[in-house]
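Working notes, structure below.
Just so you know, all these numbers are worked out from the coordinates, no wet-lab data involved. Note that the coordinates shown come from a computational prediction; the quantities given were computed from them, not determined experimentally. Here the Cβ positions follow ideal geometry from the backbone for every residue, glycine too, while neighbour counts run over all protein chains shown.
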Amino acid sequence: MALVKAGVVVLDCAEPEKIAVFYKELLDAEQTHESANRVEIRGADGIRLAFRRDANATPPSWPRPENALQAHLDFVVEDLDEAERKVVGLGGRPLETKESAGPYEERGYADPAGHSFTLRLVPSSAPKQG
């Protein structure tokens, strides 16, 4: 029997209630726990995120080198443009980044507290042409 039952990604922020609303809407999630200093959510696919109050939280500055990327989240989407409209509508912002190398089309964003995350296009299942 496993000792650890589940894992939760926890993001520190000054206002966990506000960031929880952002991710609840983005992920079509439900709130599963709230206390004075922590809010947890669970998305329809089972992803679990928590937001912990830290009055001294400093947002990452990625892609700039000072206070650079500490951690980030990746979300797979079917339509990058539609997902971007939702992110921006919820208060997130696109990050200025160079085109990323690799097999996936992706775009970087920051949530309203400054945590970075990536929206990545679902890779095509069609066979390569040529």
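Data overview
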{"read-out": "Computed label-point distance, nm, for sites SER35 and HIS72 using a 7 Å Cα→Cβ extension", "value": "3.1"}
{"read-out": "Segment ASN56-ASP28, length gained on full extension (0.36 nm per residue, minus Cα span)", "value": "7.2 nm"}
{"read-out": "Most to least packed among 36-44, 18-26, 78-86 [average Cβ atoms within 10 Å]", "value": "18-26, 36-44, 78-86"}
